[in-house]
1. Which distance in nm do the two modelled labels at Thr378 and Arg355 give, with both placed 7 Å along the Cα-to-Cβ direction?
2. Net charge near Asp164: determine it from the other residues with C-beta under 14 Å of the C-beta of Asp164, scoring Lys and Arg +1 and Asp and Glu -1.
3. Order the peptides 54-64, 115-125, 11-21 from the highest to the lowest mean number of other Cβ atoms within 10 Å of their residues.
4. How would you classify the range 167-235 from its alpha-carbon gyration tensor, with a ≥ b ≥ c the square roots of the eigenvalues: rounded for a/c under 1.5, else prolate if a/b is greater than b/c, otherwise oblate?
5. Once the Cα atoms of helix 242-253 and of the chain are each reduced to a long axis, what angle between those two axes, in degrees from 0 to 90 to the nearest 10, is obtained?
6. Please give the length that would be gained between Asn121 and Lys33 if that part of the chain were fully extended, namely 0.36 nm times their separation in residues minus their C-alpha to C-alpha distance (nm, one decimal).
7. At what distance in angstrom do the alpha carbon centres of the range 75-105 and the range 163-240 lie from each other?
8. Rounded to the nearest 0.05, what FRET efficiency do Glu261 and Ser225 have when you use their Cβ-Cβ distance and R0 = 22 Å?
Amino acid sequence: MRLSRYFLPVLKETPAEAQIASHRLMLRAGMIKQASAGIYSWLPLGYRVLRRIEQIVHEEQQRAGHIPMLMPTLQSADLWRESGRYDAYGPEMLRFSDRQDREMLYGPTNEELITDIVRANVASYRDLPLTLYHIQWKFRDEMRPRFGVMRGREFLMKDGYNFDLTQDDALHAYNRHLVTYLRTYERMGLQAIPMRADSGPIGGDDTHEFLVLAETGESEVFYDSAVTDIRLGDRDIDYDDVDQCRAVLDEFTSLYARTDETHDEGEFAQVPEVRRRTARGIEVGQIFYFGTKYSEPLGATVQGPDGKQVPLHMGSHGIGVSRLVGAIIEASHDERGIVWPEGVTPFHAGIVNLRQGDPSTDSACDGIYRQLEASGLTALYDDREERAGAKFATMDLIGLPWRITVGPRGLANGQVELTSRRTGENEAMSPESAIARLKEIYADV
Ligand code: ATP
Ligand code: MG
């Protein structure tokens, strides 16, 4: 993309309404614009990041055999009356009626809708196990929408639902989701720690939240610092292997890590004092096992192997897709702007032309731009008639992890500069080497 033809409305001033770094930087970098309280338009740069996050979520869910679909944002109140949640949900649910006076709502979550689909179409234990998911906008009329996309009213969520014959099968689905979530966050350059949590209005017995440690996080968390040393990495996982998934859960959840809702001072005191930490965290996902809480009232049963009808064992599993954009920035920025991890960057590299209009510099930039695109890498080429300082400031603000700087002086020696946004390190090299280096870097992402 050539910047001269792009739509990147960066702000010079720091918007006064933004209280935390990610909100400020998303506004300044022209990623979002508020439409009304807690509701945002995603401008082109922000939209690119959102799409990359969605892509990673899709890949990791499908790797585990979970099946993508799409349910609507608007739901009928009738189903929620059947489950008993229509009255229970409270003022966070946006309710309205259509022209026929039918009561409707904008879905805050989808347990009822998915259970309705499954009860109508799944009759036998032979159709199980089944995990369906979608990535769709939700609406919750939050009391205090704030921090930009972190606590919106309209927000994008991945929500997945498993349907199993037995509690054991459903617990395997729970563990399998835990593994997929760990991998998903690591690919985004994030450490999100599973912590024992409270189930809230979703209900159920088993639940973990995934928290990214950050001073601006809304949750208070208590943990054994040794938990921050564990990584999933690129180990091979067989998602059908019950013991292997269970072992990952044990590894990641046997050390003390809890949100304030489930925190227990007595148990925390068992953690060696030097490793005891109290901090704040951003909730970027949550997994639940809730057994037959929805399948019983909604009559979602299957015929078991012995011919008897049994209610399905279920769980639901959410990832805050739009919140993640903010969470990643909270975890990765400096005083000059955003520092995107390679896994989610809106463009793989930036190209800065130091002497726009100089024929040989322009043609070197064009060549690099075309070769990057031909190698499947996206570039944002700053081809504007601007001072070098202003171009660097824009690149630093929008945070592309790598920048290729091209000017007449370097070109005289056949060289450009490759700069890491994270470390600020510069290296002079031929354009071909810079492209080869980037290909190598992104081959592992
Ligand atoms: P919170 O405790 O932050 O209100 P929740 O526990 O009610 O969230 P879940 O039902 O677990 O939310 O939804 C799954 C994920 O969706 C959360 O882990 C979070 O990342 C994201 N999410 C929830 N509410 C919002 C919101 N208002 N704005 C943006 N993302 C949200
Ligand atoms: Mg939650």
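1. 3.2 nm
2. Here the count lands on -2.
3. Listed from highest to lowest mean packing, they are 54-64, 115-125, 11-21.
4. oblate
5. Its long axis makes an angle of about 70 degrees.
6. Net length gain for the segment: 27.5 nm.
7. The range 75-105 and the range 163-240 have Cα centres spaced 31 Å from each other.
8. 0.60
Bear in mind these aren't lab numbers, they're just calculated from the coordinates by the rules spelled out. Model, not experiment: these values are computed from the prediction. Neighbour counts are summed over all protein chains in view; Cβ atoms, including those assigned to glycine, are modelled from backbone coordinates with ideal geometry.
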